[in-house]
Amino acid sequence: MAAERCAAGPRDDAGSRGDAGADPTGDPGAGTGAEPAPPQSAGAEEVMARRRKGRAGAVRCGPAAAGWAMWRRGAAWAWGRRGAGTAVPGTAVPGPSAGAPLSAAAHKHLIKKDAGKRIICIEGNIASGKTTCLDYFAQTTSIEVLKEPLAKWRNVRGHNILGLMYQDASRWGITLQTYVQLTMLEQHTRPMISPIRMMERSIHSAKHVFVENLYRSGKMPEVDYAVLSEWFDWIQNNTDVSVDLIVYLQTSPKVCYERLKTRCREEEKVIPLEYLEAIHELYEEWLIKRALFEVSCPVLVIGADHDMQKMVEKYEENRDQILNPANRQRCL
Ligand SMILES: Nc1ncnc2c1ncn2[C@@H]1O[C@H](COP(=O)(O)OP(=O)(O)O)[C@@H](O)[C@H]1O
Ligand SMILES: Nc1ccn([C@H]2C[C@H](O)[C@@H](COP(=O)(O)O)O2)c(=O)n1
């Protein structure tokens, strides 16, 4: 599906003059809307079924599908020897590092957040209104707010890896997600300066939504998925990246698509509606259906398709539930 041009209106393209546009390795169709960079993913049941059989769970879209299918069959064999279950964090079969007792050396790395402090993550699709929500609470409450480190993703020593990823997800998806994982780890483990911290997204959504989407859509090879999963498991077992509440801003992909066009970030001009649908499905799988991955904290779902005035009403209605755990009743 061709990406539409950004409508006139508020723009958010600061810092987008990285090297993405000039990338010689980029997909020739990228930027013209000829081929959407990140395709739709396969459904959870399909993925689970394939993994149970010891096969790779990704569906390859695009011209190189046949080659990928052959490559994947070989990869599936190797994976099958290790045990299909090891590929799926959050399932009953633990991964190689999951569940292993921590050694004394491992404990050395364990960074525990202070007792009594709370971490709330605002989760949701691209352009669902997370930043706007954080801004609202930052203005009306005395809490610490950590936005996604987008500026870092747009400028790693001069490289705009967010832009590169949207130009050619198969080549740069692993690069971006490796760096997202590092920068989100840094956010989670940063000393808290207030009793309540509100974060935009988390290391968990990076893995369970964005990495998962790259893998399932065939844009991330199984070996890269395995390495990132090993890193993620190690981080979970050896550091404190726990969250006390997830606030899920639940939107329809079409609404996000309209907001995305209004925001008009340079790198995101190639995003098709199908990509937002795929990200939406993974959020739903993770936080609502609980199909593949464990969710280890309460989830408060707020419908977020409404206009700003209605959203402010909703934030006020839920203020206590969000900020005071004693008042939580409507969480999943
Ligand atoms: N409730 C809303 N109604 C209409 N536009 C909204 C609403 N919330 C946010 N926006 C606009 O949509 C765009 C995306 O919002 P933003 O908060 O940046 O989303 P996110 O941080 O989830 O990507 C911005 O241009 C923002 O001004
Ligand atoms: N793990 C992640 C997290 C974010 N992104 C992309 C998606 C957006 O283009 C951008 C910022 O997200 P937003 O706050 O606008 O929802 O970063 C990603 O690719 N991988």
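The values are calculated or read from the model by the stated rules, or taken from the named source; none is laboratory data. These numbers were taken from a predicted model, which means no experiment stands behind them. Virtual Cβ from ideal backbone geometry, glycine too; neighbours counted across all protein chains shown. Just so you know, the surface numbers come from the protein's heavy atoms only, side chains and all, with ligands and any DNA or RNA stripped out. Shrake-Rupley method; radii C 1.70, N 1.55, O 1.52, S 1.80 Å.
A Cβ distance below 9 Å, combined with a sequence gap of six or more or placement on separate chains, defines the contacts here; from the stretch 297-322, residues that are over 19 Å from CYS256 (Cα atoms) reach residues that are open to solvent by less than 20 Å² (accessible area, probe 1.4 Å) and among the charged types (D, E, K, R) in the pairs VAL299/GLU123. Among the residues making up the stretch 164-194, a single one is among the basic types (Lys, Arg) and assigned to a loop (DSSP other than H, G, I, E, B): ARG190. When VAL227 is tested against (1) among the hydrophobic types (A, V, I, L, M, F, W, C); (2) under 16 Å from the mean Cα position of the chain (by Cα); (3) open to solvent by 60 Å² or more (accessible area, probe 1.4 Å), just one condition goes unmet, and that condition is (2).
How many residues are open to solvent by 30 Å² or more (accessible area, probe 1.4 Å) and either farther than 10 Å from GLN250 by Cα or within 16 Å of ligand 2 (Cβ to nearest atom) (or both) if we restrict to the stretch 294-316?
13
Taken over the stretch 133-155, the criterion of being within 14 Å of ligand 2 (Cβ to nearest atom) and surrounded by fewer than 16 Cβ atoms within 10 Å (Cβ to Cβ) is satisfied by ASP135, ALA151. Selection of first residues in the stretch 129-155 that are of a type in the set (Phe, Trp, Tyr) and of second residues that are more than 13 Å from ligand 1 (Cβ to nearest atom), restricted to Cβ pairs under 7 Å at least 6 apart or on distinct chains, gives the following pairs, ordered by first then second residue: PHE137/ILE143; TRP153/ILE161; TRP153/LEU176; TRP153/TYR179; TRP153/VAL180.
If you go through the stretch 172-213 and pick out every residue that is surrounded by fewer than 23 Cβ atoms within 10 Å (Cβ to Cβ), over 8 Å from the mean Cα position of the chain (by Cα) and charged (D, E, K, R), you end up with 4.
Output the residue which, of all residues in the stretch 131-152 that are hydrophobic (A, V, I, L, M, F, W, C) and part of a helix (DSSP H, G or I), is nearest to MET199 (Cα to Cα).
Out of the qualifying residues, it is LEU134.
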